[in-house]
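Here is the structure we will look at.
The values are calculated or read from the model by the stated rules, or taken from the named source; none is laboratory data. Small disclaimer: the values here were computed from a predicted structure and weren't measured. Quick reminder, even Gly has a Cβ in these numbers, built from the backbone with ideal geometry, and neighbours come from all protein chains shown. Heavy atoms of the whole protein, side chains included, go into the accessibility calculation; ligands, DNA and RNA do not. Shrake-Rupley method; radii C 1.70, N 1.55, O 1.52, S 1.80 Å.
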Amino acid sequence: YVPIGDWKIPYFPAGLSVGALWMANLVAAFITRFRLKLDDLGIFVTHAGLIFLLLGQFLTQSLSREAQMPIEIGHSSNYAQSSLKTELAVVKTSQPDYDEVTSIPESYFNHAGEIHPSHLPFSLVIRRYFRNAQLGMATPGTKPLATRGIGMQIDIQEIPPVSSDDEMNNVSALVEVREGGESKGIWLISSGLGAPQSVNIQGADYQMHIRPKRNYFPFTLTLKEFHHDIYPGTDIPRNFSSLVQISNPDKNESRTALIYMNHPLRYEGRTFYQASFGEGDRVSVFQVMENPASLTPYLSCSLVAAGLLIQFLSHLFLFVRRRS
């Protein structure tokens, strides 16, 4: 993109740009050239299906969400973690029975500025944001950017972000905590750190860390069993399967479901695929897909097929009529 003021202008056409031009051309031709006549009904329906197909693809790319949900055998979970987006989580850990979590989306802390979460007795000032960073131990004599926490011992260098599926960006930020206009220090918060950073405000303990963005569900999945079957005498996998318990208190529903290869679980507008496993076959990883426009390809292809069939039959009947 080429930055022009507050705008970002793409200098090389990508998929959305090409699709938008194709869509505009198709709609313009559809409006100016076609007239609703019985002889052209098949062509009319076919092009309507193509327009609907492009519109559905745009909605899918804009509205669909993909996340991962790892669960250990005997444990439960009610959220999935995004593999692309992160959030800044501030967790109040002083309550004996539960934690109070304040989630700040990445769009709020990916630039310098002050954040005032309504549920917190302090504000956060983003001093610097790193889309991807390399962390290392600070050398003697180096002045650290952080003034509190483990960040005082760490040297941070900004590196270019990655985009491949098998790599992840180490999202980091230098965050200053302010209470009533008084600075409590600057912490290094990073997804590459092994532990959250702690601060005590008004006698309450808070933990701050950058983690994958969580999408919470109104139901809970419990992993009852996980099976990793291989062909005898080889290491070639034959089947991955997970037996889960679905608990939905809003619907007073509790039942089991088996998720295995090419047989996902579809529930509450989400699709759970058996994606991977880990930790000695003790953890099952589900790929969670949420796509409100999932039916548009089927509807558009049905329109195209119906339009082609109408066009073929209309010409066939006309040919038979002329022959007779």
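Return an integer: the convex hull volume of the alpha-carbon atoms of the chain, in Å³ per residue. Provide the component values of the computation, followed by the final result.
Numbers: hull volume 86.7 nm³, N = 324.
Value for the chain: 267 Å³ per residue.
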Legend entry - Top of Leu295, Leu243, Leu59 by mean-square fluctuation, Gaussian network on the chain, Cα under 10 Å: Leu295
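With +1 on each Lys and Arg Cβ and -1 on each Asp and Glu Cβ, and nothing else charged, work out how big the dipole of region 93-233 is about its Cα centre, in Debye to the nearest 20. Can you show the working numbers first?
Numbers: 11 positive and 16 negative charges, 81 e Å.
The dipole magnitude comes to about 400 debye.
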Legend entry - Over the chain, relative contact order from alpha-carbon pairs under 8 Å, at least 6 apart, %: 22
Inset, instruction - Mind putting a number on the dipole of region 30-134 about its Cα centre? Charges go on the C-beta only, +1 for Lys and Arg and -1 for Asp and Glu, and I need it in Debye to the nearest 20. - result: 580
Inset, instruction - Kindly write out, for region 267-282 in residue order, the coupling ³J(HN,Hα) from the Karplus curve 6.51 cos²θ - 1.76 cosθ + 1.60 (θ = phi - 60°), rounded to whole Hz, with x marking Gly and Pro. - result: 8, 6, x, 10, 10, 10, 9, 6, 9, 7, 8, x, 6, x, 6, 9
Legend entry - Rounded to 10°, Cα long-axis angle of helix 296-323 versus longest principal axis of the chain: 10
Legend entry - Percent RCO, i.e. relative contact order, over region 87-152, from Cα pairs under 8 Å lying at least 6 residues apart: 19
Inset, instruction - Let me know the longest stretch in the chain that avoids all chymotrypsin sites (Phe, Trp or Tyr not before Pro) found in a DSSP loop with at most 16 other C-beta atoms within 10 Å. - result: 99-324
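Considering only Cα-Cα distances, which of the following residue pairs are longer than 22 Å: Lys92/Lys213; Lys143/Lys184; Lys184/Lys213? Let's see the in-between values first.
Working: Lys92/Lys213 18 Å; Lys143/Lys184 19 Å; Lys184/Lys213 27 Å.
In this structure, Lys184/Lys213 lie more than 22 Å apart at Cα.
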Legend entry - Dimensionless Rg ratio for region 143-295, taking C-alpha atoms and the 2.2 N^0.38 Å reference: 1.45
Inset, instruction - Roll a 1.4 Å probe over the protein chains and send me the accessible area per residue for the chain in Å². - result: 63
Legend entry - Dipole axis of the chain (+1 Lys, Arg; -1 Asp, Glu on Cβ), positive-most option in Ala89, Val320, Val162: Val320
Inset, instruction - Select from region 22-102 those trypsin sites (Lys or Arg not before Pro) which occupy a DSSP coil region and have at most 14 other Cβ atoms within 10 Å, ordered by residue number. - result: Arg35, Lys37
Inset, instruction - Please give the length that would be gained between Glu114 and Ser163 if that part of the chain were fully extended, namely 0.36 nm times their separation in residues minus their C-alpha to C-alpha distance (nm, one decimal). - result: 14.8 nm
Legend entry - Computed FRET value (nearest 0.05) for Arg282 with Ser302, which takes r as the C-beta separation and R₀ as 45 Å: 0.50
Inset, instruction - For region 55-213, give the percent of accessible area contributed by carbon and sulfur heavy atoms, probe 1.4 Å, rounded to a whole number. - result: 49
Inset, instruction - Step through the residues of region 107-121 one at a time and calculate ³J(HN,Hα) from phi using the Karplus curve (6.51 cos²θ - 1.76 cosθ + 1.60, θ = phi - 60°), rounding each to whole Hz and writing x for Gly and Pro. - result: 5, 8, 10, 8, 7, 5, x, 10, 10, 10, x, 5, 8, 10, x
Inset, instruction - Give the distance, in whole Å, between the Cα centre of region 272-324 and the Cα centre of region 193-229. - result: 37
Inset, instruction - Could you work out which residue, out of Pro212, Pro70, Pro249, moves most in a Gaussian network model of the chain, that is, has the largest mean-square fluctuation with Cα springs under 10 Å? - result: Pro249
Inset, instruction - Please report how far the C-alpha centroid of region 155-181 lies from that of region 89-121, rounded to the nearest whole angstrom. - result: 17
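How high is the relative contact order of region 236-300? Use alpha-carbon pairs under 8 Å, at least six apart in sequence, and give a whole percent.
Values: 89 pairs, mean separation 13.8, N = 65.
So the answer I get is 21 percent.
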Inset, instruction - Read phi for every residue in region 124-140 and hand back ³J(HN,Hα) as whole Hz from Karplus 6.51 cos²θ - 1.76 cosθ + 1.60, θ = phi - 60°, with x for Gly and Pro. - result: 10, 10, 7, 7, 7, 10, 10, 5, 8, 9, 10, 9, x, 5, 5, 7, x
Legend entry - Cα long-axis angle, helix 41-63 against the chain (0 to 90 degrees, to the nearest 10): 10
Legend entry - Charge-dipole axis of the chain as Lys and Arg at +1 and Asp and Glu at -1 on Cβ define it, positive-most pick from Asn252, Ile31, Pro297: Ile31
Legend entry - Cα→Cβ-extended label distance, 7 Å offset, between Asp99 and Ser183, nm: 2.9
